[in-house]
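Report on one structure; see the data block that follows.
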Amino acid sequence: MSTPQEHGAAGVPPGAPAGSGPAASSHASSGAPSDDASFEATPWRRLDPRTLLVHCGWMAAPFGSLALTALATGGRISVEAWITLAALTASFAVLTTLGLIRWARTDFRITMPRPGSGPGGASPTFDVRSGLLTRRLRSVPLHRIRTVDLTATPIHRVLGVTVLRAGTAGSGDGSSELSLEALAVPEAERLRAELLAYADAEAVANDPVVARISWRWLRYAPLTFWVIGGVFVVAGGAYRALDGIGIEPWKIGLVQQAFTEFGTSALWLTIPAALLAILALGSVGAVVLYVENWWSYCLEWTDSRTLRVRRGLLTTRAVTIERARLRGVVLREPLLLRAGGGALVRAVAGGLGNREENRKRSGLLPPAPRAEALRVAGGALRSPFPGSAAPAELTPHPRVALRRRRVRGLLFVVLPGTAVLAGLGAAFTPVLLHCAWIYALVTTALTLWLARDAYRNLGHGLDGPYLVARSGTFSRDTVALQREAIAAWTFSTSPFTRRAGLVTLTAAVAAGEDGYRIPDLPAADAPALASTAAPGILDEFLVYPGAEPLPGQRLP
């Protein structure tokens, strides 16, 4: 596995003749790979001039502190305050000056091999040149680049620039990461497209390391179930533990005092404060669990037939999956994680234990950016992930499926809650009557929105050797399943789906969850899809147009 090559006093460019390594001076660029005869001359590009304003923006802290001090004291600033402000100003001035120098001495380019340079020769590279006294050229082959992140602080967003970071499969700790600060947003988007265009399936197949942990992914940890549900799980566990040793938590003085103060305080303040406290505790807990579960995470092919996942801090885990048992992958996007642009990846593999153990051991990627999840899913399959298509590119399901989701939401969510609140209001207090109509309005709007989202997520298709199915709203799952792994089909209907002309098709496999559903397919199209996806399973049940059924043949 290769990492970015650093060319300086101790570096010699790959492919350069012996003794051509540059000294640590301003002439370092003379030994760049792109100056070789096999490369086309490519002009160096500079960072955006607004980078200067980004660095100068950090000076706002000491001057803002001075302004606040002057306002608080009526213009009278003590000697100690002046000394503190002078120290802060000097520190920020030094940092700003260093940033300006780094901007002036940083440039980059993408080098392309000359036509006819020959197979096995030079490959396109991403070069970044920086340094003042010691010039350094870092060069990464484009096909080794795995991630390109664009990060913008509020200052960057105001100025319309962003920071671009490019890393290889082994740069999860940032040691071999290339960073450009800052580029105009359109320029950064174009550069990202250029860099990722070479991270193709061949590169994924040839690189044994599929992914390593990047701690920038921690921002996705709170976008999971544990941010809220984890708090109640921990609280319930503590309650059961105390109850088991004979302590009744509700009789503890601190607990009684807290509930008393909560009930006597202004609810419009205490309820939001309690929710914020739950979110804060849940976020901290989610981050802690993320670190414990995915510490030292590495997904790699140990050989051509074995995929291995290593992770864990206190409890280390190493799960090995044979390629012959890997029947597909699932791209999972829970609602909150999807809103944050993230996803996680699970394997559809045999030999991982029962259903509960499979859910613990099948994780291939923690919550991470969706682009990274698609790349890891492709690396696990050794081919581009077929489920990367947008929902509109899959075969849509009939509109009656949208109606079914709306009706179910109204019947099972809106109507029961409204009826209960209205009944309690009629029996006890008119306040609950107002709560009933407010609940009906809010849940109706939410139900219709979720039903629409669930319907838009429905889709299926065949992509080469894979059956692709997507469904769900609270957790949108896209499964890419090997067609040859399908062992049986199940057609499920109910009185309501039969009336609507729909059927749920389930592909049974000896791996993962044992069965993967394609809900609300047109009943007339389901047999053809099943027969095409896995030929031979349904042949004895099918009657083709113009053919007479065989004696004793059963129809689907």
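The values are calculated or read from the model by the stated rules, or taken from the named source; none is laboratory data. None of these values were measured; they are calculated from a predicted model. FYI the Cβ positions are ideal-geometry reconstructions off the backbone, even for glycines, and counts take in every protein chain you see. Heads up: the accessible areas ignore ligands, DNA and RNA and are worked out on the full protein's heavy atoms, side chains in. Shrake-Rupley method; radii C 1.70, N 1.55, O 1.52, S 1.80 Å.
For (1) in a helix (DSSP H, G or I); (2) touching a helix residue (DSSP H, G or I) at 6+ places or on another chain (Cβ under 7 Å); (3) not aliphatic (A, V, I, L, M), each residue gets a yes or a no:
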position: 408; (1), (2), (3): yes, no, yes
position: 414; (1), (2), (3): yes, yes, no
position: 420; (1), (2), (3): yes, no, no
position: 447; (1), (2), (3): yes, yes, yes
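When you scan region 362-384, do you find a residue that is free of Cβ contacts under 8 Å to residues at least 40 places away in the same chain, open to solvent by less than 80 Å² (accessible area, probe 1.4 Å), more than 21 Å from residue 213 (Cβ to Cβ) and not in a helix (DSSP H, G or I), even just one?
no
Say we look at region 496-512 and pick out the residues that are in contact (Cβ under 8 Å) with a residue 24 or more places away in the chain, on the phi < 0 side of the Ramachandran plot and not hydrophobic (A, V, I, L, M, F, W, C); which of these is most open to solvent (accessible area, probe 1.4 Å)?
498
Tell me, yes or no, whether region 263-281 has at least one residue that is surrounded by 12 or more Cβ atoms within 10 Å (Cβ to Cβ) and touching a residue at least 60 places away in the same chain (Cβ under 8 Å).
No, every residue in region 263-281 fails to be surrounded by 12 or more Cβ atoms within 10 Å (Cβ to Cβ) and touching a residue at least 60 places away in the same chain (Cβ under 8 Å).
Looking only at residues in region 440-455 that are without any contact (Cβ under 8 Å) to a residue 24 or more places away in the chain and open to solvent by less than 70 Å² (accessible area, probe 1.4 Å), which one is nearest to residue 474 (Cα to Cα)?
Result: 453.
Where residues in region 333-376 are over 21 Å from residue 292 (Cα atoms) and of a type in the set (Lys, Arg), which of them is farthest from the chain's Cα centre (by Cα)?
355
Among the residues of region 70-86, is there at least one that is on the phi < 0 side of the Ramachandran plot, at pLDDT below 65, exposed (fewer than 15 other Cβ atoms within 10 Å of the Cβ) and of a type in the set (A, V, I, L, M, F, W, C)?
Taking every residue of region 70-86 in turn, at least one turns out to be on the phi < 0 side of the Ramachandran plot, at pLDDT below 65, exposed (fewer than 15 other Cβ atoms within 10 Å of the Cβ) and of a type in the set (A, V, I, L, M, F, W, C).
How about region 340-361: which of its residues are part of a loop (DSSP other than H, G, I, E, B) and either of a type in the set (Ser, Thr, Tyr) or out of contact with any Pro (no Cβ under 8 Å at 6 or more places or on another chain) (or both)? Steps first, answer last, please.
At the first step, the residues of region 340-361 found to be part of a loop (DSSP other than H, G, I, E, B) are 340-341, 350-354.
Across region 340-361, the qualifying residues are 340, 350, 351, 352, 353, 354.
Can you tell me which residue among 143, 156 is modelled with pLDDT of 70 or more and open to solvent by 30 Å² or more (accessible area, probe 1.4 Å)?
143
Of the conditions (1) out of contact with any Gly (no Cβ under 8 Å at 6 or more places or on another chain); (2) farther than 20 Å from residue 482 by Cβ; (3) part of a strand (DSSP E or B), residue 337 clears all except one; give me its number.
(3)
Looking at residue 536, is it open to solvent by 10 Å² or more (accessible area, probe 1.4 Å) and closer than 20 Å to residue 386 by Cβ?
For residue 536, the condition - open to solvent by 10 Å² or more (accessible area, probe 1.4 Å) and closer than 20 Å to residue 386 by Cβ - is not met.
Determine whether region 513-526 contains at least one residue that is among the small types (Gly, Ala, Ser) and either open to solvent by less than 30 Å² (accessible area, probe 1.4 Å) or at pLDDT 95 or above (or both).
Yes, region 513-526 has at least one match.
Being surrounded by fewer than 21 Cβ atoms within 10 Å (Cβ to Cβ), more than 27 Å from residue 378 (Cβ to Cβ) and at pLDDT below 80 narrows it down to one residue among 116, 121; which is it?
116
Inspect region 422-435 for any residue being within 30 Å of residue 511 (Cα to Cα) and either acidic (Asp, Glu) or free of Cβ contacts under 8 Å to residues at least 60 places away in the same chain (or both) and give the result as yes or no.
No: zero hits.
Going through region 286-334 one residue at a time, which ones are out of contact with any Pro (no Cβ under 9 Å at 6 or more places or on another chain) and in a helix (DSSP H, G or I)?
288, 289, 291, 292, 323, 324, 325
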